[in-house]
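Q: So that we are looking at the same thing, I have put the structure below in structure tokens.
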Amino acid sequence: MKTTSMKRTAALRAIFERPGTTLMPFGALPIHAQMAEHAGFEAFEISGATASWYVGGSPDIGMMTMTEMVQLAGSVARCVDIPVFCDADTGYGGPLNVRRTTQEFVRAGVAGIHIEDQSEPKMAGGRKGIRLASDGEAVGRLQAAVDAKNELDPDFVIVARTDGYDAAGGSLEEAIRRGNLYLKEAGADVVFYEGLRSWEEIEIALKSTDGPAYSIPARTVSRHPSLAEMSAMGQKINIFRFLVPGLQEAWKMLLKIQRGGEMTPLDDYLESLAELEGTNEYAGYGDLFINPTYDVVRQMEEKYLPPELRRNYDAPTGGD
């Protein structure tokens with residue numbers, strides 16, 4: 001049975017409140033969340049950058065609107081039972097806009113959002129040219145979000161993201177100062193530090209924060225510490241880009257077929273999957289992850305449709 005939105009918000013909140021680090025995949029599409037759920041992960045995040053690239057075909061500079069992101073997030077949340085956590089950029093405007101943004105995400109069945117402290121127009125994290133909102137503006141946005149979620153679902157999670165490290169004039173100290181400000185003055189539930197340049201810096205930030213916190217390090221940062229090490233430093237969740245291998249391999253396949261002008265590379269690849277069929281590593285064409293499954297659809301048709309309207313799943317296909 002599908003869990004309720006309230007139960008999923010409480011589940012996400014519990015992840016941030018309990019000891020240790022929780023690994024959380026992120027992507028953009030319903031099938032990405034379904035894959036994460038099917039693999040056994042407890043929650044899934046919709047990445048604003050990935051949504052911009054995969055859904056909008058645009059750079060991660062806030063070009064997708066609140067309406068588009070809420071619609072996407074609602075589609076993802078309806079497809080899985082695990083909590084869905086979503087990037088909400090700057091909240092898409094001033095405090096009144098942020099209030100509405102929060103309300104719409106709650107009503108869409110999302111379990112939590114993160115709101116950043118960049119000024120408009122926003123930039124992608126970790127890049128030159130970032131400008132920050134003033135303390136008062138950033139706190140006001142978050143206060144509006146917290147008030148809105150408290151009216152609809154107090155378990156809904158508000159994460160304050162700070163780009164105080166990468167912004168012009170920024171520093172690790174400035175990021176930490178802002179993180180603690182957002183917890184104390186705005187009532188945010190969690191702090192998200194964007195773009196720190198080493199795990200040593202991340203540990204300093206996390207241990208200097210007066211509440212739950214995590215960081216997505218810059219792409220130049222070395223390999224991840226162990227889960228035990230991340231837990232010890234206070235990393236509440238560790239979000240990871242599990243789609244990178246698929247994107248890279250799909251690109252290589254396109255180039256092989258385009259250069260060779262034949263379907264041989266794809267045929268060879270599909271034949272190589274035969275040895276995985278029947279194991280839990282076999283994903284086939286993706287129908288493994290859809291919800292409801294074809295078996296459930298068949299059961300529902302048998303329950304609700306008269307025999308003459310049911311699909312004949314046992315009829316032969318093709319051939320003589």
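The values are calculated or read from the model by the stated rules, or taken from the named source; none is laboratory data. This is a predicted model, so every value here is computed, not measured. Please note: Cβ atoms are built from the backbone with ideal geometry, for glycine as well, and neighbour counts cover all protein chains shown. We work out accessible area using only protein heavy atoms, side chains counted, and drop any ligands, DNA or RNA first. Shrake-Rupley method; radii C 1.70, N 1.55, O 1.52, S 1.80 Å.
Q: For segment 1-82, place one equal point scatterer on every Cα, skip the solvent, and apply the Debye formula. What is log10 of I(q)/I(0) at q = 0.21, 0.23, 0.25 Å⁻¹?
A: -1.01, -1.13, -1.23
Q: Taking 0.36 nm per residue of separation and subtracting the Cα-Cα distance, what length does fully extending residue 252 through residue 281 add?
A: So the chain would gain 8.3 nm between residue 252 and residue 281.
Q: Let me know the shape class of segment 74-151, please: from the alpha-carbon gyration tensor, a ≥ b ≥ c as square roots of the eigenvalues, rounded when a/c is under 1.5, otherwise prolate if a/b is greater than b/c, or oblate.
A: Oblate, since a/c reaches 1.5 and b/c is not below a/b.
Q: Which order do you get for 247, 96 if you rank them by accessible area with a 1.4 Å probe, largest at the top?
A: On the way: 247 105, 96 145 Å².
The ordering from most to least exposed comes out as 96, 247.
Q: Between residue 315 and residue 232, 0.36 nm times their residue separation minus their Cα-Cα distance comes to what?
A: Full extension from residue 315 to residue 232 adds 24.1 nm.
Q: Oh, and also: If I model a spin label as a point 7 Å beyond the Cα along the Cα-Cβ vector, how far apart are those points for residue 244 and residue 71 in nm?
A: Those two pseudo-labels are separated by 3.2 nm.
Q: Indicate the gyration tensor shape class of segment 43-175 (rounded, prolate or oblate), computed on the Cα atoms with a ≥ b ≥ c the square roots of the eigenvalues: a/c under 1.5 is rounded; otherwise a/b larger than b/c is prolate and the rest oblate.
A: Values: a/c = 1.88, a/b = 1.30, b/c = 1.44.
Oblate is the answer for segment 43-175, as a/c is 1.5 or above yet b/c matches or exceeds a/b.
Q: Follow-up. Mean residue ellipticity at 222 nm from the helices of the chain, using -39,500 (n - 2.57) per DSSP H segment of n ≥ 4 over the full residue count, to the nearest 500 deg cm²/dmol?
A: Per the formula, -13500 deg cm²/dmol.
Q: Another one. Which three numbers, in whole Å and largest first, are the semi-axes of the equivalent ellipsoid of segment 179-241 derived from its Cα gyration tensor as √(5λ)?
A: 20, 12, 10
Q: So for 224, 114, what's the accessible-area order with a 1.4 Å probe, most first?
A: So, going from the largest accessible area down, we get 224, 114.
Q: Where Rh denotes the Kirkwood radius from the mean inverse Cα pair distance, what is Rg over Rh for segment 165-293?
A: Result for segment 165-293 is an Rg/Rh of 1.17.
Q: How much FRET efficiency would the formula 1/(1 + (r/R0)^6) give for residue 168 and residue 298, where r is the Cβ-Cβ distance and R0 is 51 Å, rounded to 0.05?
A: E(calc), rounded to 0.05, equals 0.30.
Q: Continuing with the same structure: Output wanted: per-residue J couplings in Hz (rounded whole) for segment 103-111, from phi through Karplus 6.51 cos²θ - 1.76 cosθ + 1.60, θ = phi - 60°, x for Gly and Pro.
A: 4, 5, 5, 4, 5, 7, x, 6, 9
Q: Any idea how far the Cα center of segment 256-300 sits from the one of segment 213-243, in Å?
A: Each part's Cα centre sits 31 Å from the other's.
Q: Please give the FRET efficiency for residue 271 paired with residue 218, using the beta carbon to beta carbon distance and R0 = 35 Å, rounded to the nearest 0.05.
A: After rounding, the FRET efficiency stands at 0.30.
Q: Please state the Cα pair-distance histogram of segment 215-276 with 10 angstrom bins from zero: what percent is in each bin?
A: Reading the bins upward from 0: 17, 31, 19, 23, 10, 0.
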